Amino acid sequence: MNLYAILAIYKFEMARTWRTLMQSIASPVLSTTLYFVVFGTAIGSRMGEIDGVSYGAFIIPGLVMLSLLSESISNASFGIFFPKFSGTIYEVLSAPVSPFEIVAGYVGAAASKSMLLGLLILATARIFVDYQIEHPVWMICFLALTAVTFSLFGFIIGIWADDFQKLQVIPLMVITPLTFLGGAFYSINMLPEPWQSITLFNPVVYLISGFRWAFYGVADVHIAVSFGMTLFFLTLCLTGIWWIFRTGYRIKS
């Protein structure tokens, strides 16, 4: 394994984050902070508890996931799209670097940025809402697994997109609505049938439910199911990337 190549790609992508600090870190944290102010403090103080958890604390895992999913996809998709758009991707492909090392560099950097953002949002939430983390190891595990999985998904989007507009289609038109409808601001057990059953087809439900369980020990679906669904989506993304490099889809032509 060419660790030097992985580290070179990783450092290059991370350096871009520090050059665009306001856009990459400050803007998402500020946007999520507004959610905490409006929903957690203003509205949350007038609402009752959900599954024994105050509303302000209940929405924290969902808000973290909302930012984590969108930023993971955005960072990874732009990271691979721009070299493809500028033509510098051929320098990487012609170098003695394997597809695994290319993916590890780009996805590793995107996941690292997303995890850093998620931890910053959690630290910011402490200012507005009091919360606890009952299972910190599982919380970090779900945070890292989700960041890696959706960074892989973002990598696929970056390969698929042939213009800058397509980079925003999936995050804005698919991921954000699924997150809002996936229990970020409510428990799906509050929904009447058949909507409760229909919601279980939303993959984001399992991510938010598992992440919320790590905080408060309560979940809409069993923790084993949430973890299994996350691993299943990770496997799908890895399979998709393997197929891309196997066929050269939109990366060698």
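The residues of region 40-53 include none that are surrounded by 14 or more Cβ atoms within 10 Å (Cβ to Cβ), at pLDDT below 70 and among the hydrophobic types (A, V, I, L, M, F, W, C). Might you let me know whether region 65-74 holds any residue that is over 30 Å from Asn2 (Cβ atoms), in contact (Cβ under 8 Å) with a residue 60 or more places away in the chain, outside any helix (DSSP H, G or I) and touching a helix residue (DSSP H, G or I) at 6+ places or on another chain (Cβ under 8 Å)? So far as region 65-74 goes, no, none of its residues is over 30 Å from Asn2 (Cβ atoms), in contact (Cβ under 8 Å) with a residue 60 or more places away in the chain, outside any helix (DSSP H, G or I) and touching a helix residue (DSSP H, G or I) at 6+ places or on another chain (Cβ under 8 Å). For region 21-39, the condition of being closer than 19 Å to Ile157 by Cα, crowded, with 19+ Cβ neighbours inside 10 Å, touching a Leu at 6+ places or on another chain (Cβ under 7 Å) and among the hydroxyl-bearing types (Ser, Thr, Tyr) holds for none of the residues.
Check whether at least one residue in region 62-85 is closer than 19 Å to Ile159 by Cα, at pLDDT below 90, surrounded by fewer than 18 Cβ atoms within 10 Å (Cβ to Cβ) and not basic (Lys, Arg), and report yes or no. Within region 62-85, one or more residues are closer than 19 Å to Ile159 by Cα, at pLDDT below 90, surrounded by fewer than 18 Cβ atoms within 10 Å (Cβ to Cβ) and not basic (Lys, Arg).
A quick yes/no check of all residues on (1) more than 23 Å from Leu63 (Cβ to Cβ); (2) at pLDDT 90 or above:
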site	(1), (2)
Phe185	no, no
Glu193	yes, no
Ser209	no, yes
Phe233	no, yes
Cys237	yes, yes
Arg250	yes, no
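Counting only residues that are in contact with a helix residue (DSSP H, G or I) (Cβ under 7 Å, 6 or more places away or on another chain) and farther than 25 Å from Tyr35 by Cβ, region 182-202 holds 0 of them. For region 201-225, a tally of residues being assigned to a helix (DSSP H, G or I) and either more than 20 Å from Val174 (Cα to Cα) or free of Cβ contacts under 8 Å to residues at least 24 places away in the same chain (or both) returns 11. Kindly provide the set of residues from region 137-183 that are in a loop (DSSP other than H, G, I, E, B) and surrounded by 22 or more Cβ atoms within 10 Å (Cβ to Cβ), ordered by number. Hits for region 137-183 are Gly182, Gly183. The residue of region 224-253 that is farthest from Thr88 (Cα to Cα), among those that are of a type in the set (Ser, Thr, Tyr) and over 17 Å from the mean Cα position of the chain (by Cα), is Thr239.
Yes/no matrix, rows are residues, columns are (1) under 14 Å from the mean Cα position of the chain (by Cα); (2) of a type in the set (Lys, Arg); (3) closer than 15 Å to Pro61 by Cβ:
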residue	(1), (2), (3)
Ala95	no, no, no
Pro99	no, no, no
Tyr106	no, no, no
Leu117	yes, no, yes
Gln132	no, no, yes
His135	no, no, yes
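Against the conditions (1) more than 21 Å from the chain's Cα centre (by Cα); (2) surrounded by fewer than 20 Cβ atoms within 10 Å (Cβ to Cβ); (3) modelled with pLDDT of 80 or more, Gly56 satisfies every one except (2).
The values are calculated or read from the model by the stated rules, or taken from the named source; none is laboratory data. Since this is a predicted model, take the numbers as computed values, not measurements. When we count neighbours, we look across all protein chains shown, and the Cβ atoms used for this are built from the backbone with ideal geometry, even at glycine.
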